[in-house]
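Quick notes on the structure that follows.
The values are calculated or read from the model by the stated rules, or taken from the named source; none is laboratory data. Just so you know, these numbers come straight off a predicted model, no measurement behind them. Positions of Cβ are backbone-derived with ideal geometry, glycine not excepted, and every protein chain shown enters the neighbour counts. Ligands, DNA and RNA are stripped out before the accessible areas are found, and what is left, the full protein with its side chains, is counted by its heavy atoms. Shrake-Rupley method; radii C 1.70, N 1.55, O 1.52, S 1.80 Å.
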Amino acid sequence: MASEESEDVFAAAAELFSVLSTPVRLKLISALCHSEKNVSQLLSEIDATQPNMSQHLATLYRAGILARRREGTQIFYRIQSERAAMLCRAVCTQIATEIGAEGEVAHNDRLVPAARRY
């Protein structure tokens, strides 16, 4: 029984990481952390085409990470899963620290492989 539960946990985590696996989706989550925004506002902050942006927003919405509401012809997006947003912030903050502080993060505490460091 415990093994099955572990498999379910790992499968769910892998699915979440899969949804979060593109830079555009991480940028969208970051852009929406403090307030809801419509597609036009997001396009002004993130370099993507409108169809591409809409596809990523739909994926995050279907995964339950984002929520949306319609106001007239505009659709506004906001963070639905604060846990997913916190995970993104934690990982991105750790990687930013590693990239910007060479030598200050212990080798065993690094998330970024040595070959990928800038």
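Odds and ends about this structure:
Residues are listed down the side, and each one gets a yes or a no for (1) of a type in the set (Val, Ile, Thr); (2) touching a strand residue (DSSP E or B) at 6+ places or on another chain (Cβ under 7 Å); (3) open to solvent by 30 Å² or more (accessible area, probe 1.4 Å); (4) modelled with pLDDT of 65 or more:
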| position | (1), (2), (3), (4) |
| --- | --- |
| 66 | no, yes, no, yes |
| 69 | no, yes, yes, yes |
| 78 | no, yes, yes, yes |
| 89 | no, no, yes, yes |
| 93 | yes, no, yes, yes |
| 112 | yes, no, no, no |
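- Single unsatisfied condition, residue 67 versus (1) small (Gly, Ala, Ser); (2) in contact (Cβ under 8 Å) with a residue 40 or more places away in the chain; (3) touching an Asp or Glu at 6+ places or on another chain (Cβ under 9 Å): (2)
- Residue 60 meets the stated requirement of being aliphatic (A, V, I, L, M), open to solvent by less than 50 Å² (accessible area, probe 1.4 Å), in contact with a strand residue (DSSP E or B) (Cβ under 7 Å, 6 or more places away or on another chain) and closer than 18 Å to residue 13 by Cβ.
- Residue in the stretch 29-39 that is open to solvent by 80 Å² or more (accessible area, probe 1.4 Å) and touching a helix residue (DSSP H, G or I) at 6+ places or on another chain (Cβ under 9 Å) present: no
- Wholly enclosed helices (runs of 4 or more DSSP H) of the stretch 1-83 bearing at least 2 residues in contact with a Phe, Trp or Tyr (Cβ under 6 Å, 6 or more places away or on another chain): none
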